[in-house]
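The values are calculated or read from the model by the stated rules, or taken from the named source; none is laboratory data. The shown structure was predicted, so the numbers you read here are calculated from the model rather than taken from an experiment. Ideal geometry is used to build each Cβ from the backbone, glycine not excepted, and the neighbour counts take in all protein chains shown.
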Number of protein chains: 4
Amino acid sequence: MHIGIIGLGKMGANMRARLQANGIEVTGFDQNPDVSDVAGVNELIETLPTPRLVWIMVPAGAVTDAVIAELATVLSSGDLVIDGGNSRFTDDFAHSALLATVGVHYIDAGVSGGVWGLTNGFGLMVGGSADQVERAMPVFDALRPAGPRDESFVHAGAVGAGHYAKMVHNGIEYALMQSYAEGYELLEKRDDLIADVPGVFKAWQRGTVVRSWLLELLVRALEEDPELANIEGFVEDSGEGRWTIEEAISNAVPVPTISAAIFARFVSRQDDSPAMKAVAALRNQFGGHAVKTAD
Amino acid sequence: MHIGIIGLGKMGANMRARLQANGIEVTGFDQNPDVSDVAGVNELIETLPTPRLVWIMVPAGAVTDAVIAELATVLSSGDLVIDGGNSRFTDDFAHSALLATVGVHYIDAGVSGGVWGLTNGFGLMVGGSADQVERAMPVFDALRPAGPRDESFVHAGAVGAGHYAKMVHNGIEYALMQSYAEGYELLEKRDDLIADVPGVFKAWQRGTVVRSWLLELLVRALEEDPELANIEGFVEDSGEGRWTIEEAISNAVPVPTISAAIFARFVSRQDDSPAMKAVAALRNQFGGHAVKTAD
Amino acid sequence: MHIGIIGLGKMGANMRARLQANGIEVTGFDQNPDVSDVAGVNELIETLPTPRLVWIMVPAGAVTDAVIAELATVLSSGDLVIDGGNSRFTDDFAHSALLATVGVHYIDAGVSGGVWGLTNGFGLMVGGSADQVERAMPVFDALRPAGPRDESFVHAGAVGAGHYAKMVHNGIEYALMQSYAEGYELLEKRDDLIADVPGVFKAWQRGTVVRSWLLELLVRALEEDPELANIEGFVEDSGEGRWTIEEAISNAVPVPTISAAIFARFVSRQDDSPAMKAVAALRNQFGGHAVKTAD
Amino acid sequence: MHIGIIGLGKMGANMRARLQANGIEVTGFDQNPDVSDVAGVNELIETLPTPRLVWIMVPAGAVTDAVIAELATVLSSGDLVIDGGNSRFTDDFAHSALLATVGVHYIDAGVSGGVWGLTNGFGLMVGGSADQVERAMPVFDALRPAGPRDESFVHAGAVGAGHYAKMVHNGIEYALMQSYAEGYELLEKRDDLIADVPGVFKAWQRGTVVRSWLLELLVRALEEDPELANIEGFVEDSGEGRWTIEEAISNAVPVPTISAAIFARFVSRQDDSPAMKAVAALRNQFGGHAVKTAD
């Protein structure tokens, strides 16, 4: 099998490498000529056998929109496009519909695994028609970890289902990270009692209810920097966590831990909190409580 | 009527002034001789007509414990002690029992109103027996605002009920303040759209669903400092908010807004968040996401 | 001044009545002929003196879109449309742009006050150009409560600012209601200690920090039904609370109390919680904890 | 090595079995004669070689207090008591001090693993002096899973540290479970899009960021009952989650996800929510919104 990849950033490059290591021929295109196999999308398309299989791995939103739009002009009926990026599932409907006008098939693939995917394999959640998913299965099998297929791959439903599942996955991920982080702070705050905070996390890796891959990563982080002294509590967020909240709101699903995780990130990025300035001002007004004046 | 007050800090002094302005004779004792009417508790007790009425207005916890213990040795059967401080309601049971051993009655009085109480009057929630509450009514009537008694005073129940009600009052207060503060931040963040943030709050004072005294105080704060430029988003918390959470936990009452308000204050006082350092470390581990290094 | 109102539901009818009581001539149109003054929009338009002033008070979203679209075909250059409904502020941009193509001016007006607005007056937050706001000021003055204009009216900014401010107002309102409700449950749960729960709320109306109009309404509700025995804990939500969360997410504003209030409403409407079924299933898996089986 | 166990409930019996399987001689006592090896504590003590090693596995609180008090009267100087139950870490200080008065040593051991511990081994977090921990190491090694000791065992600090770490472990556990549960509801709500909800969870087991033991348990639960149709969303909570919140409050640690998880359990057990009755009553008061009347 021979596949084209558009987008050879950190994730795309790792996927190319894993596909090649598992016997899939790959031609990749990236705006950065240093990493690109071909000079442009047209050359990529010409290189691929028909019917073609093109995997997109570019930033969600405008960039993905543009790539899909370009592909709709250069691909042929019967080709298949897989969007493996972090697109919002609602975008899949438009992308799929646009490509369908020229007879091109579409699969949305949520991909998890981060930088570890190259060696561990990537967890995959895909949406699309059964026959197209079957057609691309050699690619999915090459990307996913060893072991039973259904433990690292799911055909979650029709177009959009893959990215929806990935969005939910990321919402859960945010909340899981915040859960461990609150536990870390509870342990760290009582360093008068807990003599070995990293050791506690390390000891949770076998036998306990909280063992997980994220826990293992936290153990690694604490081995490198036992007091996290070299890291600032400043945390970005990507779109998927936000979309999760928006979908929750749209579907009347209460998501108190996922939203708490997002809000904690928002706060982490503030130099000063307008809200807490307002609370401080209120306390000062009714109670004569002292306020800290800004410098 | 002639009452003794122990504790002439900001609240105690204001209460003495309001009582005197409303025809109650007051003798006050404070550790600070500059504000005290008498040299010590013994002199205070001797000054008061029997059966005596003593109002305590000192810090909750150890200080109140000590004052109650001392009063138990100097007061006589039939005297009445009112704890108007911010004691935890569970302390009232011990205080009441100790005083009862020497025949001294006890009322717990939750007092709201802050620095405005002197002129506006104080809202009062009391716990104790009906006859003792009736006996102290002239004092309560002098302290509370003008208007119908039941709109500023409640005999909430037996001993402890007054401070329990005050504790809940303060828990609500925390959540109300946080509610307005979140609204403030939502308006302030869109200063591209909202040309007059203070004006919006000002306009909510009549006719809207959110009108309240706290809103009026926020309007005042914004008139003094329209962008809250001179105030830092650093907010202390007193014990009552924490007790509210603990009681909620004990009674299996979900209190998501009250706890959110407390947690926001905790975060406001952190230079850096250990929890968010842990989240940043985790993101870095799995995604290779850049972290901000501490200086 | 003579104004047309489209939409004579609960709010629209009350506004017509208040405008008329304050000397504004009103012609109203509603789909329901029993309450309508005219047979249709065309007749309404013909009735009004030019340049016309039309106030829209219909459900946000598709209905408002349709009314605006119709008005764009029948109004003339120089006319002014005010959308007083609960439209999303982002809709205002499209509505304003559409009307501008035919020279018709636009103001968005957030209106608060509920069923009490008829007698108390309505709190108003408007967005638009200064000259159009000035032009409509007699209408705003007739609708708002007596007292200083800036305590019940604000020209918050350009088009969209009125509905944005109203959206934030409603977000705050949700959180305020939840705050009092948590306090209610904390008092109610300890009815062994608190002998008079309604009395506690009643006593908070003067002098306390938590006094507000919502508190007064809760006092009224508890006077009618002291144990809320005749009311179910089932709470709908309108769009504005949801939009508030979405805007908060878009602008990276942490809103833990507002979101908690929304989520509590979502939960209140569930017969059984899928999430809690999952938690129960998990506990059963790892701990052998008994589960309640569904009937 | 020969150890006595007091308490042969689900956990104690499993621990006895695992210890015996790993070459530790065990004599167990339980109030239930059907499972007990001896008739009483005195007989248990007489059976053990000196200096003795007694493991307590009874309900935290009053029962553990009573067992410790009894042991203080029958054990001899140099004996060692290990409390493996879910005691609050603050209880350890009193238990340790009481036993020290008769020269008996004390270790607190937090134990995780649930019903799976028998076959998988138990994760262990202990507090106490280095020499006593060393002395009991054969017992810990027999209980914990195979693999490196520091991945399933930690000497977390002095007395109390073991149960503190276990308390935090359980707090994290609550939040992790809630995180997955919210994700479950988000998937389940969109069954129009997600054709295979159990399949999504199953596919997350390899390669994804959210893989964990709890995820595996959820997969098992969904294999047994794909729609969780036979389980009610009613979730108990044990003391440790509550203590986690209380410690967080005491130490000013924000724990929004852990508290959200606890509150969700509280709500899950309510037939009707007093708080939401209050919100419904408020909405009815200001907006004339319909309420659902209780039957």
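Odds and ends about this structure:
- In region B:87-100 there is at least one residue that is of a type in the set (S, T, N, Q) and either at pLDDT below 95 or more than 28 Å from B:Leu217 (Cα to Cα) (or both).
Every residue, every condition in (1) within 23 Å of A:Arg190 (Cβ to Cβ); (2) within 13 Å of chain A (Cβ to nearest Cβ); (3) surrounded by fewer than 20 Cβ atoms within 10 Å (Cβ to Cβ), yes or no:
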position	(1), (2), (3)
D:Pro59	no, no, yes
D:Ser77	no, no, yes
D:Leu80	no, no, no
D:Ala97	yes, no, yes
D:Gly114	no, yes, no
D:Gly127	yes, yes, no
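- Test: residue in region C:215-226 that is more than 22 Å from the chain's Cα centre (by Cα) and of a type outside the set (Asp, Glu): yes
- Scanning region B:24-58 for residues that are touching a residue at least 12 places away in the same chain (Cβ under 8 Å), under 27 Å from the mean Cα position of the chain (by Cα) and assigned to a loop (DSSP other than H, G, I, E, B) returns B:Ile24, B:Asp30, B:Asn32, B:Val35, B:Ser36, B:Arg52, B:Met57, B:Val58.
- Of A:Tyr174, A:Tyr164, A:Tyr180, all but one fail to be of a type outside the set (D, E, K, R), free of Cβ contacts under 8 Å to residues at least 60 places away in the same chain and either surrounded by 24 or more Cβ atoms within 10 Å (Cβ to Cβ) or not in a helix (DSSP H, G or I) (or both); the exception is A:Tyr180.
- Of the residues examined, C:Glu188 is one that is in contact with a Leu (Cβ under 9 Å, 6 or more places away or on another chain), farther than 17 Å from C:Leu214 by Cβ and assigned by TED's automatic domain parsing to the domain that holds C:Ala229.
- So B:Ala17, is it surrounded by 13 or more Cβ atoms within 10 Å (Cβ to Cβ) and either outside the structural domain of B:Leu143 (by TED's automatic domain parsing) or free of Cβ contacts under 8 Å to residues at least 12 places away in the same chain (or both): no
- Members of region C:136-153 found to be among the aliphatic types (A, V, I, L, M) and either outside the structural domain of C:Val126 (by TED's automatic domain parsing) or over 24 Å from C:Arg52 (Cα atoms) (or both), listed by number: C:Ala146
- Looking only at residues of region A:183-193 that are facing another protein chain (nearest Cβ under 7 Å) and not in a helix (DSSP H, G or I), we find that the one that is farthest from the chain's Cα centre (by Cα) is A:Leu193.
- Candidate set: region B:93-143, residues that are in a loop (DSSP other than H, G, I, E, B) and under 15 Å from the mean Cα position of the chain (by Cα); chosen: the one farthest from B:Thr64 (Cα to Cα): B:Gly121
- The number of residues in region D:69-88 that are in contact with a strand residue (DSSP E or B) (Cβ under 7 Å, 6 or more places away or on another chain) and part of a helix (DSSP H, G or I) comes to 1.
- Residue match in region D:243-255 (condition: more than 30 Å from B:Asp237 (Cβ to Cβ), in a loop (DSSP other than H, G, I, E, B) and touching a Lys or Arg at 6+ places or on another chain (Cβ under 8 Å)): no
- Filter result for A:Ile68 (closer than 30 Å to A:Leu217 by Cβ, of a type in the set (A, V, I, L, M) and surrounded by 19 or more Cβ atoms within 10 Å (Cβ to Cβ)): no
- The residue that is modelled with the highest pLDDT, counting only those in region C:258-288 that are part of a loop (DSSP other than H, G, I, E, B), over 24 Å from A:Phe263 (Cα atoms) and facing chain D (nearest Cβ under 7 Å), is C:Asp272.
- Given (1) modelled with pLDDT of 95 or more; (2) more than 10 Å from chain D (Cβ to nearest Cβ); (3) touching a helix residue (DSSP H, G or I) at 6+ places or on another chain (Cβ under 7 Å), index of the condition A:Pro138 fails: (3)
- Residue check, D:Ile45 among the aliphatic types (A, V, I, L, M), touching a strand residue (DSSP E or B) at 6+ places or on another chain (Cβ under 9 Å), closer than 27 Å to D:Gly171 by Cβ and assigned by TED's automatic domain parsing to the domain that holds D:Ser112: no
- Number of the exception - B:Tyr164 against (1) within 9 Å of chain C (Cβ to nearest Cβ); (2) closer than 13 Å to A:Lys277 by Cβ; (3) of a type outside the set (A, V, I, L, M): (2)
Let's see how each residue does on (1) part of a loop (DSSP other than H, G, I, E, B); (2) of a type outside the set (Lys, Arg); (3) more than 8 Å from chain B (Cβ to nearest Cβ):
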residue: C:Arg206; (1), (2), (3): yes, no, no
residue: C:Ala221; (1), (2), (3): no, yes, yes
residue: C:Glu232; (1), (2), (3): yes, yes, yes
residue: C:Glu240; (1), (2), (3): no, yes, yes
residue: C:Thr293; (1), (2), (3): yes, yes, yes
